[in-house]
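> Sharing a structure, written as structure tokens. Questions coming.
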Amino acid sequence: MPSALRFAALSLFTSAGACLAADAAPPAVPAAPPAATYAPIAMESGVWDVTVAFFDADSGASTGRAHGRQVNTLLKNGHWIVNELSVYGSDGKTVAFQGHGAWGWDPVGKEYVDTWVDTNDGAPRIDHGFWVAEQKTMYWSAQQPDGDGHMVTYRMTERFAGATRTLEFFQTALQSGRQVKLAEMTFTRQD
């Protein structure tokens, strides 16, 4: 087939394809998730007092306590929440630690996601989670760079019980793979 004829045939073929594509139905809009998807986000909204218990990585023994406050602001659509955490020093007034997060339901990834930064971390932490409604428990996992070329794995479990919720924070030891409990935070609703 002469090259001019091949070019004409190719042009006709691609033009016909473009016309067919123009007549195709637009992609379907994903169905909205059930309202229950947003329940754990709403459950965390408000002002909470917090007690933080710290643990020794080797023995698991308690190494101290701190107190603070968390203010969680639910965005207007109820799909996302912003967390502001302050933990006070020994005088009970001076902020010794601050953390800031935003989490909610990712409709594209079809999972809960959280982005967290605080005054102890060298890098943002991105958590991925799932909700077990029957247990009123959110399970989170994350990997975060440690600054030495390693990815540190974390696991968090958050249990809701009315005006109280508990967050346990674990790190996976890099060499042994052992789960190490770093902290347990008990939140009490104030509003």
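> Specify the residue that is farthest from the chain's Cα centre (by Cα); the eligible residues are those in the range 122-138 that are surrounded by 16 or more Cβ atoms within 10 Å (Cβ to Cβ) and of a type outside the set (D, E, K, R).
Looking at residues that are surrounded by 16 or more Cβ atoms within 10 Å (Cβ to Cβ) and of a type outside the set (D, E, K, R), I get THR137.
> Might you check whether a residue that is at pLDDT 70 or above, under 30 Å from GLN175 (Cα atoms) and out of contact with any strand residue (DSSP E or B) (no Cβ under 9 Å at 6 or more places or on another chain) occurs anywhere in the range 49-69?
Yes.
> Considering only residues that are more than 18 Å from SER45 (Cα to Cα), of a type outside the set (D, E, K, R) and modelled with pLDDT of 95 or more, which ones fall in the range 144-166?
Result: THR153, TYR154, MET156.
> Also, I was wondering about something else. Which ones in the range 139-191 are among the β-branched types (Val, Ile, Thr) and either under 17 Å from the mean Cα position of the chain (by Cα) or over 14 Å from VAL50 (Cα atoms) (or both)?
VAL152, THR153, THR157, THR166, THR172, VAL180
> On the basis of being under 30 Å from LYS93 (Cβ atoms) and at pLDDT below 95, does ALA24 make the cut?
no
> Output the residues belonging to the range 141-191 that are among the aliphatic types (A, V, I, L, M) and not in a loop (DSSP other than H, G, I, E, B).
Passing the criteria: ALA142, MET151, VAL152, MET156, ALA161, LEU167, VAL180, LEU182, ALA183, MET185.
> Tell me which strands (runs of 3 or more DSSP E) are completely within the range 33-140 and hold 2 or more residues being without any contact (Cβ under 8 Å) to a residue 40 or more places away in the chain, or say none if there are none.
62-74, 80-88, 95-106, 111-118, 125-132
The values are calculated or read from the model by the stated rules, or taken from the named source; none is laboratory data. Not measured: the values here are computed from a predicted model. With ideal geometry, Cβ positions are generated from the backbone for all residues, glycine too; neighbour counts draw on all protein chains shown.
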